[in-house]
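Everything below concerns the one structure shown next.
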Amino acid sequence: MESRIIGGQEAWAHSWPWQVSVCFASMPACGGAIISPLWVISAAHCFKRYNRASFWKVLAGKHDLDNLHEAGQQVRRPLVGVSAIVSHRSYNTRTKEGDMALLRLQRPLVFNQFVRPIDIWMTPLPLFKKCTITGWGSTQENGPRVNRLQEVNVTVLPSEVCNQYYLGRIRSSMFCAGKDEGGVDACQGDSGGPLSCFTGSRYELAGVVSWGVGCGRARKPGVYTDIQQHAQWMSDIMKDRCGKQQSPSCDHAPGLASLSVSQDGEVSVGNVTESCPFFWPWQVSLQSSGRHYCSGVLIHRRWVVAAKHCNIRPKVDVVALGLHDLRFLPAQTVLVDKVFNLPQDGSFPPKSDLSLLRLSVPARFKDEEPDDSWHCFTSGWGAAAGRADIDPDRLHHVRLTLVNQTNCRSLWGGGLISDSHICSHAASSSSCMGDAGAPLICQKRGTYFLSGVVTWGSRRCDADKPAIFTRISDYGSWITEVTEDN
């Protein structure tokens, strides 16, 4: 309902020079507006889950986000780091009151014809005034982002009309803009972006995109934070408070996996922590209709390896790249062109469980064999057993110990384990970590290697049953054959 251009058009390049893209690492996440060389205004809800300044950057002087050498962008380093995030003291996540935040930049922006600040609208906003919203968000509800800046004109609506539509939820610090019949609105990815109104001689900032229901629906106009009501707070923050720069605490390898059982029999996975954003850059999310259902690993310029039991559908399912939090739009979404499945002998549990997905993205693949001198890890999304503190929608990871083949065969019995399997600590099974098709990544001499994908394990997160990964290196010739022939 938050993270809310519909019915608009592509803007003239650089015609809104105060517009910025607020990026989570390098991934566009929200909009914002430049109000001084060191300050940008956006929506507080953009930082509700991630309020660590070091995770955020601002991209100014842009029109086409895909054009890395666009005229107008800040020359030396287009992405400017954020040193402090100051959300409004009255921000309420339930009512959405005070949904605005000030971002202090690590270095001042260089103003030119492409990068310029906007003043705040400081007089009563006339009813039915036409203003303009801009952003790189979706152009249809639940649709993909756009790369070029969009604009659309909206009409400021009376608060009593808006309260009828939203059943009394519009507070005095908010206003609505759109059309009664719908069709024009902000949408996913536009959050925090500017609503700019023309005074007769120039544009001024009247609001930032806050919330709404859907995108462009009839009788559901967009809701904006009324900036002029908070002008004094903004002035005080910008004069007196710079905020403390925060340093990341997730830049170290996770602890060794363990399982514990409480007195009431609940199993809990130990040492699972949220990974740093993009700490595992080859990990991808396989998605259907915008929902994650399996993990995969980028192994080649055009290829992803995944578990066959994920049943990936070519021409339907997509690979989401550059993703950490599933609730953010990915940096890139690529349709699966073709799926190649490793032939199976029909045994159960399966001896092998691999699919290759043909794409068009760059990556590297190496296949050394892990041993006791390696540090191995797994990562994925989903609910980790007994760990309510781990958000299932955010990528998490844990370090693993490997189990030798003799012990693994003894623990599983029945001739289930072959040389094409890698056995690891039970905590890495899907029932413990919460994800299917998760990778086994092993590190040696400072380099990470893809060693396997999780194939099967205990259904109930049993501490005595090692997790079983398909050994990637055993199928190197098949991978090479498929990737070279297709």
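The values are calculated or read from the model by the stated rules, or taken from the named source; none is laboratory data. Fair warning: this is a prediction, and the values are worked out from it, not measured in the lab. All Cβ positions, glycine included, derive from the backbone under ideal geometry; neighbour counts span all protein chains shown. Note: areas computed on protein heavy atoms with side chains; ligands, DNA, RNA excluded. Shrake-Rupley method; radii C 1.70, N 1.55, O 1.52, S 1.80 Å.
Numbers at a glance
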| quantity | calculated |
| --- | --- |
| Every residue from region 330-354 that is basic (K, R) and more than 16 Å from H309 (Cβ to Cβ) | K338 |
| Flag if E204 is at pLDDT 75 or above and in the same structural domain as S15 (by the TED database) | yes |
| Residues located in region 174-183, provided they are within 20 Å of Q228 (Cα to Cα) and either modelled with pLDDT of 90 or more or open to solvent by 90 Å² or more (accessible area, probe 1.4 Å) (or both) | M174, F175, C176, A177 |
| Residue list for region 116-132, filter: in a loop (DSSP other than H, G, I, E, B) and among the hydroxyl-bearing types (S, T, Y) | T123 |
| Qualifying positions in region 96-110 - of a type in the set (A, V, I, L, M, F, W, C) and farther than 13 Å from P78 by Cα | M100, A101, L102, L103 |
| Residue in region 306-313 that is modelled with pLDDT of 90 or more, among the small types (G, A, S), touching a strand residue (DSSP E or B) at 6+ places or on another chain (Cβ under 6 Å) and not in a strand (DSSP E or B) present | yes |
| Filter result for K129 (modelled with pLDDT of 90 or more and either closer than 28 Å to C276 by Cβ or outside the structural domain of M234 (by the TED database) (or both)) | no |
| Cβ-Cβ under 7 Å pairs, at least 6 apart or on other chains, region 198-221 side outside any strand (DSSP E or B), far side of a type in the set (S, T, Y) and open to solvent by 60 Å² or more (accessible area, probe 1.4 Å) | none |
| Lone qualifier among S285, S268, S262, S295 - being open to solvent by less than 60 Å² (accessible area, probe 1.4 Å), assigned by the TED database to the domain that holds A426 and within 13 Å of the chain's Cα centre (by Cα) | S285 |
| Subset of region 58-68 that is closer than 30 Å to V213 by Cβ and surrounded by 21 or more Cβ atoms within 10 Å (Cβ to Cβ) - its residue that is nearest to the chain's Cα centre (by Cα) | V58 |
| Qualifying residue in region 50-65 (condition: part of a loop (DSSP other than H, G, I, E, B) and either aromatic (F, W, Y) or closer than 23 Å to R169 by Cα (or both)) | yes |
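Okay, residues lined up against (1) open to solvent by 60 Å² or more (accessible area, probe 1.4 Å); (2) assigned to a loop (DSSP other than H, G, I, E, B); (3) basic (K, R):
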position: E70; (1), (2), (3): no, yes, no
position: Q73; (1), (2), (3): no, yes, no
position: G81; (1), (2), (3): no, no, no
position: N92; (1), (2), (3): no, yes, no
position: D99; (1), (2), (3): no, yes, no
position: L102; (1), (2), (3): no, no, no
position: R107; (1), (2), (3): no, yes, yes
position: F114; (1), (2), (3): no, yes, no
